[in-house]
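Accompanying notes for the structure given below.
Every number here is computed from the coordinates shown, using simple stated rules; none is lab data. Keep in mind that what you see is a predicted model, and the values were worked out from it rather than measured. FYI the Cβ positions are ideal-geometry reconstructions off the backbone, even for glycines, and counts take in every protein chain you see.
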Amino acid sequence: MSAQQVTLFTEQPLDLIFGGQLGQIDVAYQTYGTLNEDKSNAVLICHALTGDAEPYLSLAENQAGGWWQSFMGEGLALDTSRYFFICSNVLGGCKGTTGPASINPKTNKPYGSQFPKVTVQDIVRLQKALISHLNIPHLHAVIGGSFGGMQATQWAIYYPDFVDKVVNLCSSLTFSAEAIGFNHVMRQAIINDPNFNNGDYYEGEPPENGLSIARMLGMLTYRTDLQLAKAFGRATKNEGHYWGDYFQVESYLSYQGQKFLGRFDANSYLHLLRALDIYDPSIGFDNIKEALSRIKAHYTLVAVTNDQLFKLTDLHKSKTLLEQAGVPLDYYEFPSDYGHDAFLVDYDTFEPKIRSGLE
């Protein structure tokens with residue numbers, strides 16, 4: 001099973017929050033489970049920063065599995081015997097939905113530096129167009145982790161009568177100054193790569209060194225010092241290089257950086273990192289309370305106490321803002337060695353929270 005694709009906004013373009021328009025937008029998406037007769041069991045999955053439209057892959061196809069492989073299936077947290085799941089690749093991505101590497105119909109060349117600025121709000125409006133295209137009149141729930149949690153929140157703000165439940169895993173309502181700082185360093189690594197060429201590198205060599213360095217820094221924010229200590233400690237390599245992969249943890253990061261090159265585009269990484277930074281539920285409203293007060297969905301917020309990217313203090317602030325806005329809220333917090341990545345791998349801890357949030 002591979003992602004399906006549809007072209008939307010063929011008649012009128014999508015007006016973007018920061019100006020500009022996009023038309024003829026390709027959207028890659030996948031569905032799992034069966035839509036019931038009254039179409040009341042549809043659940044939208046919003047993926048994290050570098051995810052895609054396929055949280056689950058059939059292992060019979062000799063594939064490595066999807067990014068939520070262990071969470072999805074009959075009787076699991078994402079129960080395909082009960083719900084009809086839809087997941088689409090985000091606008092600006094590089095996994096089948098229109099992004100910087102896509103062909104600009106006006107030039108017949110990749111968009112590159114001409115790709116417009118995209119926001120979480122734009123991503124959600126494109127998702128809504130997909131849901132309408134699929135003739136789904138209502139969503140039982142929207143669920144997402146990290147960047148996907150921001151999308152889930154925006155769904156409840158934009159379409160309060162369309163969504164019954166929101167499940168936000170490991171994501172605050174806005175990104176912290178420290179987290180924006182991490183993203184800035186990652187972007188600078190890419191932009192200052194000699195091959196970047198202002199984003200117009202598709203006919204030459206891509207900025208692989210910059211992108212791999214950016215990914216290495218990102219990986220350090222996704223896990224915890226405890227998990228890295230348990231996995232690597234201060235172990236060294238048998239044939240390590242003094243200025244390179246001398247310690248095992250360095251080798252691990254280098255491997256992750258190189259692995260990333262085969263599956264992600266540098267321009268998409270830049271655009272989505274900035275969309276993560278800029279997200280603010282109050283955009284288009286007088287203030288954040290007005291925006292959050294629109295939410296009618298039951299909201300589940302899950303925090304990992306030792307998350308090094310979305311810090312606990314920011315989740316507490318988000319909880320308070322949601323409560324002050326009168327949002328019906330269930331809040332959970334707990335530690336995990338996996339830190340921010342826990343929502344992708346720590347099934348036993350997250351399973352009851354996800355199941356409760358969907359029921």
Computed over the chain: relative contact order in percent, which uses C-alpha pairs under 8 Å that are six or more apart
18
Please list, in order along segment 284-299, the HN-Hα scalar couplings obtained from phi with the Karplus expression 6.51 cos²θ - 1.76 cosθ + 1.60 (θ = phi - 60°), rounded to whole Hz, x for Gly and Pro.
x, 10, 5, 7, 5, 5, 4, 5, 5, 5, 6, 5, 10, 5, 6, 10
Please check the chain for the longest run free of trypsin sites (Lys or Arg not before Pro) that are loop-located per DSSP (anything but H, G, I, E, B) and have at most 14 other Cβ atoms within 10 Å.
107-233
Rg/Rg_ref, segment 179-273, where Rg_ref = 2.2 N^0.38 Å and atoms are Cα
1.16
Convex hull projection area averaged over all views, segment 247-358, Cα basis, nm²
9.3
Which residues qualify? For Y299, with a placed amide H closer than 5 Å and at least 5 residues away or on another chain, they are V166, L329, D330
Could you line up V167, V124, V249 from fewest to most neighbouring Cβ atoms inside 10 Å?
V249, V124, V167
With n ≥ 4 as the cut-off for DSSP H runs, can you work out [θ] at 222 nm for the chain, using -39500 (n - 2.57) per run divided by the number of residues, rounded to the nearest 500?
-10500 deg cm²/dmol
Enter the mean projected area of the convex hull around the alpha-carbon atoms of the chain, in nm², rounded to one decimal.
18.7
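GluC sites (Glu not before Pro) within segment 24-112: which are DSSP loop residues with at most 14 other Cβ atoms inside 10 Å? Walk me through the intermediate numbers first.
Numbers: sites: E37, E61, E74; in loops: E37, E74.
Sparse-neighbourhood loop GluC sites (Glu not before Pro): E37, E74.
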Beyond 21 Å (Cα-Cα) in this structure, taken from K289/K353; K319/K353; K259/K311, we find K289/K353; K259/K311
When the chain is modelled as a GNM with alpha-carbon springs shorter than 10 Å, which of Q154, Q121, Q256 fluctuates the most?
Q256
Which GluC sites (Glu not before Pro) in segment 223-299 sit in a loop by DSSP (not H, G, I, E or B) and have at most 15 other Cβ atoms within 10 Å of their own Cβ?
E239
Once you've got the Cα coordinates, tell me which of K39/K95; K128/K165; K128/K296 are over 20 Å apart.
K39/K95
Under a 5 Å amide H to amide H cut-off, with H placed in plane at 1.01 Å, what residues pair with A42 once short-range neighbours are removed?
F84, H140
